Amino acid sequence: MAQETVEVKVRRGESVDRALRRLKKALDKEGILKTMRDKRHYEKPSEKKKRLEKARPGRKR
């Protein structure tokens, strides 16, 4: 599995809060936060299948 890296350099005179906000935005753009949240807990294959079927657009029965 490839390791994803996001880098945000703090600019001169920039507050740490603003740099953290830029970091979070970059992580969200790359999809890293979403994968971290998804992998926080183990998901059984049957649960994953149900979740994917529910999210898939198509016929409703």
Is region 41-61 home to any residue that is in contact (Cβ under 8 Å) with a residue 12 or more places away in the chain and not hydrophobic (A, V, I, L, M, F, W, C)? no
For region 37-57 the number of residues that are under 29 Å from K24 (Cα atoms) and among the small types (G, A, S) is 1
When restricted to R37, R18, the only residue in a helix (DSSP H, G or I) and exposed (fewer than 10 other Cβ atoms within 10 Å of the Cβ) is R37
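Just so you know, all these numbers are worked out from the coordinates, no wet-lab data involved. Just so you know, these numbers come straight off a predicted model, no measurement behind them. Here Cβ is always computed from backbone atoms with ideal geometry, including for glycine, and neighbour counts include all displayed protein chains.
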